[in-house]
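> Before I ask anything, here is the structure I am working with.
The values are calculated or read from the model by the stated rules, or taken from the named source; none is laboratory data. Only a predicted model underlies this, so the values are computations on that prediction, with no experimental measurement involved. Don't worry about glycine lacking a Cβ; one is built from the backbone with ideal geometry, like all the others, and counts go over all protein chains shown.
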């Protein structure tokens, strides 16, 4: 299964603005790219904070199949939809392996540092697609947490708009 981490970040590597949840700073260009891109995946894994920040969109869109990793999956029982939206408390690597066993071929990892870090450390991240927005926050959730040393190879860079770049990497 191909696993692709997809994130929007500031110039200084923050996924969030200071202590806020979600990427409210993402440009329209990034939002358009993200919505279009998700349609090319058959499953998606995201963290609880990302789900809460995009709750309305995550419940309405029919595809791809979504898994939300949360410490309290039972709190979302009423929102779960068989074949559409699932809540789990597994480790990210366990969830990704389970999705591969279930026959999914392309998985978008849309999440914060915990999901991306665990995926990289487990050797389960094939590519990383980063939208870089022209803002700096100084503090906020970083792309990876803790110590991570993994080489990436540049696949391509494209402009999504006048000020927003999309940078694609694959793990080396």
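> Considering only segment 15-40, state which residues are surrounded by 11 or more Cβ atoms within 10 Å (Cβ to Cβ) and not in a loop (DSSP other than H, G, I, E, B).
Matches in segment 15-40: 29, 30, 31, 32, 33, 34, 35, 37, 38.
> For segment 125-150, enumerate the residues that are over 14 Å from residue 10 (Cα atoms) and modelled with pLDDT under 95.
145, 146, 147, 148, 149, 150 - these are the residues of segment 125-150 that are over 14 Å from residue 10 (Cα atoms) and modelled with pLDDT under 95.
> Something else about it: If we keep just the residues of segment 41-84 that are touching a helix residue (DSSP H, G or I) at 6+ places or on another chain (Cβ under 7 Å), crowded, with 19+ Cβ neighbours inside 10 Å and part of a helix (DSSP H, G or I), which is modelled with the highest pLDDT?
By that ranking, first place goes to 51.
> While we're here: Hey, any hits in segment 152-166 for a residue that's within 17 Å of residue 112 (Cα to Cα), out of contact with any strand residue (DSSP E or B) (no Cβ under 9 Å at 6 or more places or on another chain) and modelled with pLDDT of 90 or more?
No: segment 152-166 contains no residue that is within 17 Å of residue 112 (Cα to Cα), out of contact with any strand residue (DSSP E or B) (no Cβ under 9 Å at 6 or more places or on another chain) and modelled with pLDDT of 90 or more.
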